[in-house]
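A quick write-up on the structure given underneath.
The values are calculated or read from the model by the stated rules, or taken from the named source; none is laboratory data. If you're wondering where the values come from, they're calculated on a predicted model, not measured in any experiment. So basically every Cβ, Gly included, is an ideal-geometry build from the backbone, and we count neighbours across all protein chains shown. Heavy atoms of the whole protein, side chains included, go into the accessibility calculation; ligands, DNA and RNA do not. Shrake-Rupley method; radii C 1.70, N 1.55, O 1.52, S 1.80 Å.
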Amino acid sequence: MTELTLTTPSLLFSAVSLILLAYTNRFIAYAQLIRTLKAKDIEKPSNINMEQLENLRKRLYLIRSMQLFGIGSLLLCVLCTFLIYINLQLAAVYVFGIALLLLIVSLFLSMREILISTRALEIYIDNAEK
């Protein structure tokens, strides 16, 4: 097994931080969109608005999961760095492996969220074609 150095888990710090920033920006955009759609639906109820709100609900839950797995990955990278620092190499290797798995799950959830986002745009396109 290859020995981990302090730089190995540290490489993920910036990548995971940028991913979390992107997730947070998406969350903020969706929150604003939900408020706008809800206000429109109160003024003039519409099936399209309700479909969009339901779609956004799924996407918010996915973003929450994406963020949690990303934060878990970042925390484990920090723990891995600490374990390397105190010379617990074997534990560091396993913790780093779990951190990578959490990051993979977060990215797969992100792919799923993008697919659902596409469906939201299809709803508008279908309505415009009618």
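When region 112-130 is filtered for residues that are closer than 20 Å to residue 20 by Cβ and either at pLDDT 95 or above or small (Gly, Ala, Ser) (or both), only 117 remains. Residue pairs whose Cβ atoms lie under 9 Å apart, separated by 6 or more positions or on different chains, with the first residue in region 26-45 and touching a residue at least 24 places away in the same chain (Cβ under 8 Å) and the second part of a helix (DSSP H, G or I) and open to solvent by 60 Å² or more (accessible area, probe 1.4 Å), are 27/64; 34/57. Scanning region 69-104 for residues that are of a type in the set (Ser, Thr, Tyr) and either crowded, with 21+ Cβ neighbours inside 10 Å or in contact (Cβ under 8 Å) with a residue 60 or more places away in the chain (or both) turns up 73, 81, 85.
Checking the stated criteria, residue 13 turns out to be under 28 Å from residue 90 (Cβ atoms) and either open to solvent by 100 Å² or more (accessible area, probe 1.4 Å) or assigned to a helix (DSSP H, G or I) (or both). In this structure, residue 37 does not qualify as open to solvent by less than 60 Å² (accessible area, probe 1.4 Å), at pLDDT 90 or above and not β-branched (Val, Ile, Thr).
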